[in-house]
Amino acid sequence: MASFLISAARKSSGKTTFTIGLAASLQARGHHVQTFKKGPDYIDPMWLSKASGHPCFNLDFYTMSTKEIKQAYNKYSGDADIVMVEGNKGLYDGMDVEGSDCSAALAKLLNLPVMLLLDANGITRGIAPLLHGYRTFDRDLHIAGIVLNKVGGDRHERKLVDALARYTDVPVLGAIHRTRDMEIKERHIGLMPSNEDRDAGCRIEKMARVVAEAVDIDKLLSLTAAPKSVTQGRVVPPVPAAANAIRLGIARDEAFAFYYPDDLELMQNQGVELVFFDTMHDAALPDVDALFIGGGFPEFYLRELEKNTTLKADIKRFVNAGYPVYAECGGLMYLCRDITYGGATHLMVGALNANAKVEAKPVGRGYVQLIETAQHPWPAVKANSNQILPAHEFHYSRVENLDDSVEFAYQVARGVGIKAGYDGLIYKNMLATYAHHRNVGQNHWVERFVTHIKSAKRASGRKLVVEPTIFP
């Protein structure tokens, strides 16, 4: 078994495309590759999942305890023979000046060697003191090898390799020259998600080929070989849904795709059948007991979403009839009357009496802390009204023209939210929020939402009757 963390000296060094290419090349060799991503991220894990053939899971110091991080790592790496963790930002970058939340801290917590990707653009001999500083800054961290990226050519490569050989003893495992084959189109929040890129499979194959040709993968694996931990076990598949299971409709298509796989797995283990639907191509809602509309980029598919009038009407009737509905970020925008982006306005579901407008700059971006209000519709796992719920928000949009009487589920202790320090719009059994939640020890949102759905289903006998209702 080999296990390691991939990091870089700074962000935008090419970590993700390198990790994608390496995962795909190892998977092509017949390895079972398990990937993890540090931090709150949906887009990079989607690419890594596609490259490795297995779901990628997030490890996040902000929302998870160190115990939970170890448990998740051990649980999901149990069946793999190669485990790769992609760091975020630079190796030593984080919010804490002491470094407790950086990628280096994660590597030490999980006892992983580091593969350091160094962006060689505009540097030659200076690569040596850069690496020397990164090695000596934290002597408890093991940098097992380096890969040079964005190299300008053979002459540039020789200068870099000679400098590193002269002044350091860290193995150089490869040099990736500048090439369009290692590029993915970027959006305002990061890379274009793989679910939107019709050429994603082809791009991954090209990245795999570049990495396989440029990097000594056999040496990389030998430098990161490690015995399987006694705490690592086989991944247990989700419990099959019973015949009378709750059916949860989940929007999953090009516009909406931001879901944590371990949260979906937990839903299944709670007795929920996941029923996926396409907001642009399905003419009607499937037969479900509740809805979950996650985040994504609806602003890039406004024409397609607007045209699907029958599904939008179905969703609006579903909300007005009192079915449980939960929406995050892009889902919140979709439930509004309309979305304005690039000077054009397109009609959406209209279940929320508000308008969404996409701005040119970020409105809310980063970690948030939420305190529940008394209006929160879901049952609490523990009676603690002052508990801080950790989550994150990444949105360029804002919600406008809200009625003053609207109720909110959360008070925002840190972050932006929807309006004046509040987040989580409530209407009937619908909760729509800018915050992205993850089921962790401090935030049992999955269990609570499932309990809420079960209560609504019991109260209705079997199913609620959907009647057309005009939003007030």
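The values are calculated or read from the model by the stated rules, or taken from the named source; none is laboratory data. Predicted model only: the values in this text are computed from it and were never measured. Every residue, glycine as well, gets a Cβ built from its backbone with ideal geometry; the counts of neighbours run over all protein chains shown.
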Within the stretch 271-287, residues buried (at least 20 other Cβ atoms within 10 Å of the Cβ) and within 12 Å of V446 (Cα to Cα) come out as V272
Would it be correct to say that D101 is of a type in the set (D, E), under 30 Å from D162 (Cβ atoms) and surrounded by fewer than 21 Cβ atoms within 10 Å (Cβ to Cβ)?
no
Please work out if E400 is surrounded by fewer than 17 Cβ atoms within 10 Å (Cβ to Cβ) and modelled with pLDDT of 95 or more.
yes
Looking only at the stretch 148-183, which residues are surrounded by 13 or more Cβ atoms within 10 Å (Cβ to Cβ) and assigned to a loop (DSSP other than H, G, I, E, B)?
G152, T168, V170, P171, R178, T179, E183
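Select from the stretch 358-381 the residues that are β-branched (V, I, T) and either over 26 Å from the mean Cα position of the chain (by Cα) or not in a loop (DSSP other than H, G, I, E, B) (or both) and list them in ascending order. Step through it out loud before you land on a result.
Keep residues of the stretch 358-381 that are β-branched (V, I, T), which gives 358, 363, 368, 371, 373, 381.
Passing the criteria: V358, V368, I371, T373.
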Listed by first then second residue, the pairs whose first member lies in the stretch 306-319 and is more than 23 Å from A344 (Cα to Cα), whose partner is surrounded by 15 or more Cβ atoms within 10 Å (Cβ to Cβ) and not β-branched (V, I, T), with beta carbons under 6 Å and at least 6 positions apart or on separate chains, are D314/L285; V319/A351; V319/M430
Which members of the stretch 290-349 meet the condition of being under 22 Å from M46 (Cα atoms) and among the β-branched types (V, I, T)?
I293
Could you check the stretch 384-433 for strands (runs of 3 or more DSSP E) lying wholly inside it with 2 or more residues that are touching a residue at least 24 places away in the same chain (Cβ under 8 Å) and closer than 28 Å to D289 by Cα?
388-395, 407-414, 422-427, 430-433
Among the residues of the stretch 139-160, write down those that are touching a His at 6+ places or on another chain (Cβ under 9 Å) and small (G, A, S).
G152, G153
With the condition kept exactly as written, say whether any residue in the stretch 340-357 is under 26 Å from the mean Cα position of the chain (by Cα), part of a strand (DSSP E or B), small (G, A, S) and at pLDDT 95 or above.
yes
Being crowded, with 20+ Cβ neighbours inside 10 Å and either closer than 15 Å to V319 by Cα or more than 24 Å from the chain's Cα centre (by Cα) (or both) is the filter here, so list the residues in the stretch 417-426 that pass it.
L425
Only one of (1) surrounded by 18 or more Cβ atoms within 10 Å (Cβ to Cβ); (2) in contact with an Asp or Glu (Cβ under 9 Å, 6 or more places away or on another chain) is not met by I82, so which one is it?
(2)
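Is it true that some residue in the stretch 68-76 is under 18 Å from the mean Cα position of the chain (by Cα), outside the structural domain of F394 (by TED's automatic domain parsing), surrounded by fewer than 24 Cβ atoms within 10 Å (Cβ to Cβ) and of a type in the set (A, V, I, L, M)? It would help to see each step written out before you state the result.
Of the stretch 68-76, the ones under 18 Å from the mean Cα position of the chain (by Cα) are 68-69, 72-73, 76.
Checking the rest, the ones that are also outside the structural domain of F394 (by TED's automatic domain parsing) come to 68-69, 72-73, 76.
Imposing the further condition that a residue be surrounded by fewer than 24 Cβ atoms within 10 Å (Cβ to Cβ) reduces the set to 68-69, 72, 76.
So of that shortlist, the ones also of a type in the set (A, V, I, L, M) come out as 69, 72.
Yes, the conditions are met somewhere in the stretch 68-76.
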Tell me which residues, restricted to the stretch 265-315, are touching a helix residue (DSSP H, G or I) at 6+ places or on another chain (Cβ under 8 Å), at pLDDT 95 or above and of a type in the set (S, T, N, Q).
T279
Condition met for G90 (without any contact (Cβ under 8 Å) to a residue 24 or more places away in the chain and more than 16 Å from the chain's Cα centre (by Cα)):
no
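Could you run through the stretch 346-364 and say how many residues are farther than 22 Å from K316 by Cβ and crowded, with 16+ Cβ neighbours inside 10 Å? Walk me through how you get there before you give the answer.
Of all residues in the stretch 346-364, those farther than 22 Å from K316 by Cβ come to 359-364.
Still in the running and crowded, with 16+ Cβ neighbours inside 10 Å: 363-364.
Residues in the stretch 346-364 being farther than 22 Å from K316 by Cβ and crowded, with 16+ Cβ neighbours inside 10 Å: 2 in total.
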Give me the pairs, please: first residue somewhere in the stretch 217-229 and at pLDDT 95 or above, second residue anywhere and assigned to a loop (DSSP other than H, G, I, E, B), beta-carbon distance under 6 Å, and either six or more positions apart or on two chains.
T224/P113
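Quick one: in the stretch 290-299, which of the residues that are in a strand (DSSP E or B) and among the hydrophobic types (A, V, I, L, M, F, W, C) is farthest from S460 (Cα to Cα)? Step through it out loud before you land on a result.
In the first step, residues of the stretch 290-299 are kept if they are in a strand (DSSP E or B); the result is 290-293, 295-296.
Now restrict to residues that are among the hydrophobic types (A, V, I, L, M, F, W, C): 290-293.
Numbers: A290: 13, L291: 16, F292: 19, I293: 22 Å.
Among those residues, the one meeting the criterion is I293.
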Could you please find all residues in the stretch 95-117 being modelled with pLDDT of 95 or more, of a type outside the set (S, T, N, Q) and either under 20 Å from the mean Cα position of the chain (by Cα) or not in a loop (DSSP other than H, G, I, E, B) (or both)?
D101, C102, A104, A105, L106, A107, K108, L109, V114, M115, L116, L117
Selected residue [within 30 Å of I127 (Cβ to Cβ), out of contact with any Ser or Thr (no Cβ under 8 Å at 6 or more places or on another chain) and buried (at least 23 other Cβ atoms within 10 Å of the Cβ)] from S25, S7, S13, S3
S25
Taking the stretch 300-333 and keeping residues part of a helix (DSSP H, G or I), under 20 Å from A257 (Cβ atoms) and in contact with a Ser or Thr (Cβ under 7 Å, 6 or more places away or on another chain) leaves L305, L311, L332, M333
Counted residues, the stretch 17-66 - those being part of a helix (DSSP H, G or I) and of a type in the set (K, R):
1
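Which members of the stretch 46-56 meet the condition of being in contact (Cβ under 8 Å) with a residue 40 or more places away in the chain and either surrounded by 23 or more Cβ atoms within 10 Å (Cβ to Cβ) or in the same structural domain as R414 (by TED's automatic domain parsing) (or both)? Walk me through how you get there before you give the answer.
To start, the set of residues in the stretch 46-56 that are in contact (Cβ under 8 Å) with a residue 40 or more places away in the chain comprises 46-47, 49-51, 55-56.
Of everything in the stretch 46-56, those that are in contact (Cβ under 8 Å) with a residue 40 or more places away in the chain and either surrounded by 23 or more Cβ atoms within 10 Å (Cβ to Cβ) or in the same structural domain as R414 (by TED's automatic domain parsing) (or both) turn out to be M46, W47, A51, C56.
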